[in-house]
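Visitor: Take a look at the following structure, please.
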Amino acid sequence: AKVSGRNHFEVYHSESHDQDQQGFFLENLLRKAVIHKEFELHYQPQIHIETKQIYGVEALLRWKRPDIGFVSPGQFIPIAEESGMIIPISEWVLLQACEDLKRLSLTYPHLKMSVNISAIHFQQADFVKKLEQMIEQSNVNPRFLELELTESTIMPRAEKSIEQLVKLKQLGLKIAVDDFGTGFSSLSYLRRFPIDILKIDQSFIKSLSSSYDDASIVTAIIKMGQNLRLSIIAEGVETEKQFKFLRQQGCDYAQGYYISKPLPFAELQEFLKEWTAIIGG
Ligand code: C2E
Ligand code: CA
Ligand code: CA
Ligand code: CA
């Protein structure tokens, strides 16, 4: 028993050692990736459900490693957050998204640009100031810029968050609550926080047709959003059935593979051109 216990311990130990090594390895690669500009933004279209007109796009970060190709954000963002690398990466994301919004706005003047913001980045004391500088530098209209924040980003330190959000609203930006419904937080914050949009988490959309409970949750979120005068966007919409359900329930916007996967900038431009040719601007 002693021997197997010891072996067990060693196996466990060596695994966690490997994980540390891997984390450290990735952290170093991330550092180089920032210097060598190995990041790209892909953009996923969002449409107004009723008219099918383009509402906006969400910027989604891609890391293109020279050796193995694309690494998904789910794999490297946690490491970037732990190591603090998320700050320079996120600043690059914001500036790039602003520049691309500027270019797109020449043809699509009402198009919104959504950017995901990490908690660590949002909590930086100079976050608003730096954002303001980027907006000036890229010369975009902040009314067309949306920040996606999760409940776990804004709920701790609620008072500080409200202060920060009020400043962002004063600049003219829109605030969306990402992954809405997964945060286990009290809903009373919705009245206290200056929020514009609720983004229904894709897990609820995924099981719409198989789970009566999830369909009820989606319906309830849409109703509540309407009563609070918030816009509602559903993410992870993959099927016509899901899209029709959301339309029946009065959901405002949809995003997901049913409309388009996230696209590199050039492909996004093609998509927007074709889409507006069919649907109209
Ligand atoms: P998220 O913000 O919830 O983004 C939605 C994710 O769902 C994206 O994954 C998107 O590609 C994927 N998706 C979109 N439509 C569908 C669909 O119809 N079906 C399914 N199954 N998936 C769909 P992605 O691009 O891998 O991003 C994963 C997460 O990484 C994001 O989740 C976000 O939390 C984070 N992330 C991405 N880009 C950034 C960034 O620039 N900054 C920060 N801080 N986080 C980011
Ligand atoms: Ca998001
Ligand atoms: Ca989300
Ligand atoms: Ca998510």
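Bear in mind these aren't lab numbers, they're just calculated from the coordinates by the rules spelled out. All values derive from a computational prediction rather than experimental measurement. Note that we place each Cβ from the backbone using ideal geometry, even for glycine, and neighbour counts take in every protein chain shown.
Listed here are the residues, each with its yes/no results for (1) in contact (Cβ under 8 Å) with a residue 24 or more places away in the chain; (2) buried (at least 16 other Cβ atoms within 10 Å of the Cβ); (3) among the acidic types (Asp, Glu).
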site	(1), (2), (3)
LEU30	yes, yes, no
ILE49	yes, yes, no
GLU82	yes, no, yes
GLN133	no, no, no
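Visitor: Taking the stated definitions as given, is GLY256 closer than 24 Å to ASP196 by Cβ, touching a residue at least 24 places away in the same chain (Cβ under 8 Å) and within 16 Å of ligand 4 (Cβ to nearest atom)?
Guide: Answer is yes for this residue.
Visitor: Shifting gears a bit: Mind listing whichever residues of segment 241-281 are of a type in the set (Ser, Thr, Tyr), surrounded by fewer than 19 Cβ atoms within 10 Å (Cβ to Cβ) and either touching a strand residue (DSSP E or B) at 6+ places or on another chain (Cβ under 8 Å) or outside any loop (DSSP other than H, G, I, E, B) (or both)?
Guide: Residues of segment 241-281 of a type in the set (Ser, Thr, Tyr): 253, 257-258, 260, 276.
This time we only want the ones that are surrounded by fewer than 19 Cβ atoms within 10 Å (Cβ to Cβ), so: 257-258, 276.
Correct list: THR276 only.
Visitor: Please specify each residue of segment 59-70 satisfying the condition of being crowded, with 19+ Cβ neighbours inside 10 Å and more than 7 Å from ligand 1 (Cβ to nearest atom).
Guide: Of all residues in segment 59-70, those crowded, with 19+ Cβ neighbours inside 10 Å come to 59-61, 63.
Passing the criteria: only TRP63.
Visitor: If GLU148 passes every condition in (1) within 16 Å of ligand 3 (Cβ to nearest atom); (2) acidic (Asp, Glu); (3) over 15 Å from the mean Cα position of the chain (by Cα) but one, which one does it miss?
Guide: (3)
Visitor: Out of all the residues in segment 179-222, which are outside any loop (DSSP other than H, G, I, E, B), in contact (Cβ under 8 Å) with a residue 24 or more places away in the chain, of a type in the set (D, E, K, R) and within 19 Å of PHE243 (Cα to Cα)?
Guide: If the condition is that a residue be outside any loop (DSSP other than H, G, I, E, B), in contact (Cβ under 8 Å) with a residue 24 or more places away in the chain, of a type in the set (D, E, K, R) and within 19 Å of PHE243 (Cα to Cα), then ASP179, LYS199, LYS206 are the ones that fit.
Visitor: In addition: Which ones in segment 164-200 are within 16 Å of ligand 2 (Cβ to nearest atom) and among the hydroxyl-bearing types (Ser, Thr, Tyr)?
Guide: THR182
Visitor: Which members of segment 111-131 meet the condition of being crowded, with 19+ Cβ neighbours inside 10 Å, within 15 Å of ligand 4 (Cβ to nearest atom) and not polar (S, T, N, Q)?
Guide: If the condition is that a residue be crowded, with 19+ Cβ neighbours inside 10 Å, within 15 Å of ligand 4 (Cβ to nearest atom) and not polar (S, T, N, Q), then VAL115, ILE117 are the ones that fit.
Visitor: Can you name every residue in segment 174-192 that is surrounded by 16 or more Cβ atoms within 10 Å (Cβ to Cβ) and either within 16 Å of ligand 1 (Cβ to nearest atom) or charged (D, E, K, R) (or both)?
Guide: Of everything in segment 174-192, those that are surrounded by 16 or more Cβ atoms within 10 Å (Cβ to Cβ) and either within 16 Å of ligand 1 (Cβ to nearest atom) or charged (D, E, K, R) (or both) turn out to be LYS174, ILE175, ALA176, VAL177, ASP178, ASP179, PHE180, GLY181, GLY183.
Visitor: If GLU238 satisfies every condition in (1) part of a loop (DSSP other than H, G, I, E, B); (2) over 19 Å from the mean Cα position of the chain (by Cα) but one, which is the exception?
Guide: Here GLU238 meets the rest and fails (2).
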